[in-house]
């Protein structure tokens, strides 16, 4: 049985992050004095879709969130969301797996040479 997108239960931190992203996009658009209709036209989406983005609707495709960020001139930040340099846990785990010492393996000698 296939589930619809709206029936998927998202963790609370994910819902909060999407709402914050939507609000931040809305605030950026308003600071730039861009009306909803013009922002939607520039993003090639409907006004309702833009309003859903600004509400943090999880059913809206991430590509449309990226396009809304492009309209307000903030799309460059999207590439840094999961940047390795900001992954403290990943870097710590990687550091724990480094070998304590590195040994050079000597080549075996063959007889007769």
(Q) Bin width 10 Å, origin at 0, all Cα-Cα pairs of region 10-81: what percent of pairs per bin? (A) 21, 59, 18, 1
**Q.** Theoretical FRET efficiency, 1/(1+(r/R0)^6), r = Cβ-Cβ of residue 48 and residue 91, R0 41 Å, to 0.05
**A.** 0.50
Q: Please give the calculated 222 nm ellipticity per residue for the chain, where each DSSP H segment of at least 4 residues contributes -39500 (n - 2.57) and the sum is spread over every residue; nearest 500 deg cm²/dmol?
A: -15000 deg cm²/dmol
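Remind me, relative contact order of region 10-81 in percent, using alpha carbon pairs under 8 angstrom and six or more residues apart?
Taking the mean separation of contacting Cα pairs over the length of region 10-81, I get 35 percent.
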**Q.** Gaussian network model of the chain, Cα within-10 Å springs - most flexible of 28, 39, 88
**A.** 88
Q) When the convex hull of the C-alpha atoms of region 45-113 is computed, what volume per residue in Å³ does it have? A) 208 Å³
Q) Say we join alpha carbon atoms closer than 10 Å with springs in a Gaussian network model of the chain; which of 11, 35, 99 then has the biggest fluctuation? A) 99
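Cut-off is 10 Å between beta-carbons; in what order do 81, 45 appear when sorted fewest neighbours first?
Going from least to most buried by this count: 81, 45.
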Q | Highest-MSF residue in the chain out of 90, 63, 73 [GNM, Cα springs under 10 Å] | A | 90
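Quick note: the coordinates plus some simple rules give every number you see, no bench work behind them. This is a predicted model, so every value here is computed, not measured. Methodologically, a virtual Cβ is constructed for each residue, glycine included, from the backbone with ideal geometry; neighbour enumeration extends over all protein chains shown.
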